[in-house]
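Note sheet for the following structure.
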Amino acid sequence: MRLLLTVHHGLDPNTGAPGATLALGNELARLGHAVSYLSHDDLPQRLPALAKEVLFPELAPRMLRRRAAAVDVVDASTGDAWLWARLGRRGAGTSTALVTRSHGLEHRFWEEEMTEARSAGRRLPLRTRLYHGRWRLREVAASLRASDACVFLNRGDRDYAVARLGVDAARSHVVANGIPAAFLEDDATGQPAAGEIGIAHIGSWAERKGSRYFAAGIGAVLERHPGARVSLVGTRAPADLVSGAFPAAVRSRVVVVPEYEHERLPELLAGHQIVVSAALAEGFSLALPEAMARGLVPVATAVGAAPELIRDGENGMLVPARDADALDAAVSGLVDSPQRLAALRRSARETAERYSWEAVARANVAVYDAARAYAAGRSASAIT
């Protein structure tokens with residue numbers, strides 16, 4: 001099968017959606033499919049990042065017109081191909097299928113961003129409200145409705161799109177992301193030294209990731225447990241800004257790694273037993289299963305795919321969003337119970353073994369086949 005994958009970012013293997021797109025593409029290629037990409041890297045390099053974000057969907061029709069005839073499926077991130085579809089999918093063959101992929105439904109992210117702004121008593125800038133709160137959401141909804149199939153990372157996003165955006169349930173699929181096989185090559189569930197515990201946070205230090213709740217909850221854990229330490233990996237924020245969010249007395253036990261290469265993550269997680277996500281909205285946090293593969297117990301807010309990945313009390317812990325006290329209690333409970341922590345670490349590792357990129361790629365191929373069948377039927381109906 002000939003596949004064109006689009007993503008509204010540069011193709012950086014060390015970041016979320018682009019990294020997942022490249023990993024999926026690599027596995028699809030390994031299975032024998034021909035894979036190509038369309039991204040911000042195809043735009044003029046002189047354009048600033050903000051201009052690329054805004055203009056990519058408007059410039060995509062021209063780029064897709066030149067390339068769509070040579071592929072069987074265009075797999076486009078939400079918002080990327082809505083205008084191309086509106087213009088009649090120019091350049092595409094009659095059976096070329098359009099699949100729209102959500103890396104986390106923007107409408108739900110926006111709702112959480114508005115809730116957080118209101119709780120903090122601040123007003124979002126007009127530009128943010130006009131673009132991210134209106135125009136971008138319209139692009140996303142239009143792209144989902146115009147597709148032959150849609151892929152979501154969790155059931156909550158799919159159900160929202162069907163119930164509130166008018167997306168056809170029969171053409172909506174839930175397919176998770178995967179983890180590299182190398183992350184599972186060795187058993188990383190060894191016991192920590194008595195009285196010591198390593199806590200990890202993987203991902204950007206941002207409001208949407210629940211940064212202030214994480215700092216409050218984990219800061220309290222560090223204050224009560226002198227043998228505990230926390231590493232924040234991939235914050236994309238200065239170390240002093242991140243560590244400064246924690247109580248002064250514990251900052252010596254806060255390690256910040258602003259940037260890292262993805263293949264180094266197992267090394268960076270060595271010596272840690274718990275991974276914490278305080279996210280307010282999420283699609284499918286790759287940080288959780290990747291850390292679980294390294295024997296870390298996930299303590300995560302019950303958003304995005306976390307409730308589908310984590311069985312509360314069996315292979316991890318789920319807590320409400322925006323609840324620093326719940327984070328504190330869940331993590332402290334694990335720190336204070338080494339036997340329970342060890343049992344959950346083994347269970348977390350077993351869960352991660354089910355999330356191979358090969359299985360994910362094969363599930364996506366099944367979606368592509370369904371999309372092509374629908375596209376062929378649509379074309380036949382149009383002819384008759």
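The values are calculated or read from the model by the stated rules, or taken from the named source; none is laboratory data. Remember, it's a predicted structure, so these values are computed and weren't measured experimentally. Glycine gets a Cβ as well: all are built from the backbone with ideal geometry, and neighbour counts include every protein chain shown. When the accessible area is computed, the model is the full protein with side chains, heavy atoms only, and any ligands, DNA or RNA have been set aside. Shrake-Rupley method; radii C 1.70, N 1.55, O 1.52, S 1.80 Å.
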Everything considered on the Cα gyration tensor (a ≥ b ≥ c; rounded for a/c under 1.5, else prolate if a/b is larger than b/c, else oblate), segment 309-356 must be described as oblate
How far is it, in nm, from the label point at Arg90 to the one at Met1 when both lie 7 Å from their Cα along the line to the Cβ? 2.8 nm
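Stretch Ala373-Asp187 to full length: gain in nm at 0.36 nm per residue minus the Cα-Cα span?
Numbers: separation 186, 0.36 × 186 = 66.96 nm, distance 4.28 nm.
Taking Ala373 through Asp187 to full extension adds about 62.7 nm, to one decimal.
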Between Asp325 and Val255, how many nm apart are label points set 7 Å from Cα along the C-beta direction? 3.3 nm
Set the Förster radius R0 to 51 Å, insert the Cβ-Cβ distance between Leu31 and Ala248 as r into 1/(1 + (r/R0)^6), and round the FRET efficiency to 0.05. 0.45
Counting only helical runs of four or more DSSP H residues, what would the 222 nm mean residue ellipticity of the chain come to if each run contributes -39,500 (n - 2.57) and the total is spread over all its residues? -13500 deg cm²/dmol
Which loop GluC sites (Glu not before Pro) in segment 141-247, with loop taken from DSSP, have no more than 10 other Cβ atoms within 10 angstrom of their Cβ? Glu185
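Can you tell me the accessible area per residue over the chain, all protein chains present, probe 1.4 angstrom, in square angstrom?
43 Å²
Roll a 1.4 angstrom probe over the protein heavy atoms and tell me the percent of accessible area of the chain that is carbon or sulfur.
Its accessible area is 52 percent carbon and sulfur atoms.
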Overall form of segment 43-115 per C-alpha gyration tensor (a/c, 1.5; a/b vs b/c): oblate
Interchain or sequence-distant (5+) residues whose placed amide H lies within less than 5 Å of the amide H of Val299 are Val275, Val276, Ser277, Met317
Looking at segment 211-301 only, what percent of DSSP beta bridges run antiparallel? Nearest 5 please. 0 percent
Protection proxy (average C-beta count within 10 Å per residue), highest first, orders 259-270, 82-93 as 82-93, 259-270
So how much slack lies between Arg362 and Leu241, counting 0.36 nm per residue of separation and subtracting their Cα-Cα distance, in nm? 39.4 nm
With r as the distance between the Cβ atoms of Arg65 and Asp168 and R0 = 22 Å, compute the FRET efficiency 1/(1 + (r/R0)^6) and round to 0.05. 0.30
For segment 34-177, the dipole about the Cα centre with charges only on Cβ (Lys and Arg +1, Asp and Glu -1), to the nearest 20 debye, works out at 520 debye
Which peptide among 19-25, 133-139, 238-244 comes first, and what is the full order, when sorted by highest mean count of other Cβ atoms within 10 Å? 19-25, 133-139, 238-244
Among (i) 69, 44, 36; (ii) 73, 46, 40; (iii) 54, 50, 42, the value of Cα extents along the principal axes in Å computed for this structure carries the label (ii)
Nearest-20 debye value, the chain charge dipole, Cβ charges on Lys, Arg, Asp, Glu: 1460 debye
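Give the peptides 344-355, 114-125 in descending order of average Cβ contacts within 10 Å, highest first.
344-355, 114-125
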